[in-house]
1. On a 0 to 90° scale, report how tilted helix 96-106 is relative to the longest principal axis of the chain, with both axes built from alpha carbons and the result rounded to the nearest 10.
2. Enter the angle in degrees (range 0 to 90, nearest 10) between the Cα long axis of helix 2-26 and the first principal axis of the Cα atoms of the chain, meaning the one along which they spread out most.
3. Mind grabbing the accessible area of MET26 for me, 1.4 Å probe, Å², rounded to tens?
4. Under the definition of Cα pairs under 8 Å and six or more residues apart, what whole-number percent is the relative contact order of the chain?
5. Mind checking the per residue accessible area of region 30-148 for me, 1.4 Å probe, whole number of Å²?
6. Semi-axes of region 1-144's equivalent ellipsoid from the Cα gyration tensor, sqrt of 5 times each eigenvalue, largest first, rounded to whole Å?
7. Which cross-chain or sequence-distant (5 or more) residues have an amide H under 5 Å from the amide H of GLY29, H modelled 1.01 Å from N in plane?
8. To the nearest 10 square angstrom, what accessible area does VAL136 show with a 1.4 Å probe?
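The values are calculated or read from the model by the stated rules, or taken from the named source; none is laboratory data. Since the model is a prediction, treat every value here as computed from it, not as a measurement. With ideal geometry, Cβ positions are generated from the backbone for all residues, glycine too; neighbour counts draw on all protein chains shown. The accessibility values were calculated without ligands, DNA or RNA, using every heavy atom of the protein model including side chains. Shrake-Rupley method; radii C 1.70, N 1.55, O 1.52, S 1.80 Å.
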Amino acid sequence: MKRFERVAAGIFLVIGAGAAYLALEMGYGSVRFPGPGFLPFWLAGLLTLTAAIYLLARRGPDAAARPLWERDTWRRPGLSAVIMLLFTLLMGWLGFFASTFLLFLAWLILVERERWITVGAVSILGTLGAYILFAVLLKVPLPKGLLF
């Protein structure tokens, strides 16, 4: 796996260096009066520096090959995707309150396997917190459903 990470870091190193060169051609300007290439130059420089550090950190031999997904590792991501799909589909029918409460409930029971007291507290407080954030503070119109 390290080999592919080194290749990716090398590609980003070349892209960053090329972008920095092109940004300098655009006109760097100065710190007091930046030109059009000022910000792109520094962003490309950060990309180049990050790629170089990552490339140096990935030196050495590759680890032994192992499968990317073990036998039962598809269960949680698949279950998470199904829960999010159901949340999306139920939002228009049940409304924000009920579907968000059911999202927290299903996620904590089926995916995270938390204790019941945690499931109840997070489901109630999470739904109220999301409502306060979106409806009250951000004034986002939330879908009304059967219950609310």
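1. That helix lies at roughly 80 degrees to the long axis.
2. It is inclined by approximately 70 degrees.
3. Only protein atoms counted, so the area is about 110 Å².
4. Values: 142 pairs, mean separation 30.5, N = 148.
The value is 21 percent.
5. Ligands and nucleic acids excluded, the figure is 76 Å² per residue.
6. They are 44, 28, 13 Å, listed from largest to smallest.
7. Under 5 Å from the amide H of GLY29 lie the amide H atoms of GLY35, each far enough along the sequence or on another chain.
8. Accessible area of VAL136: about 70 Å².
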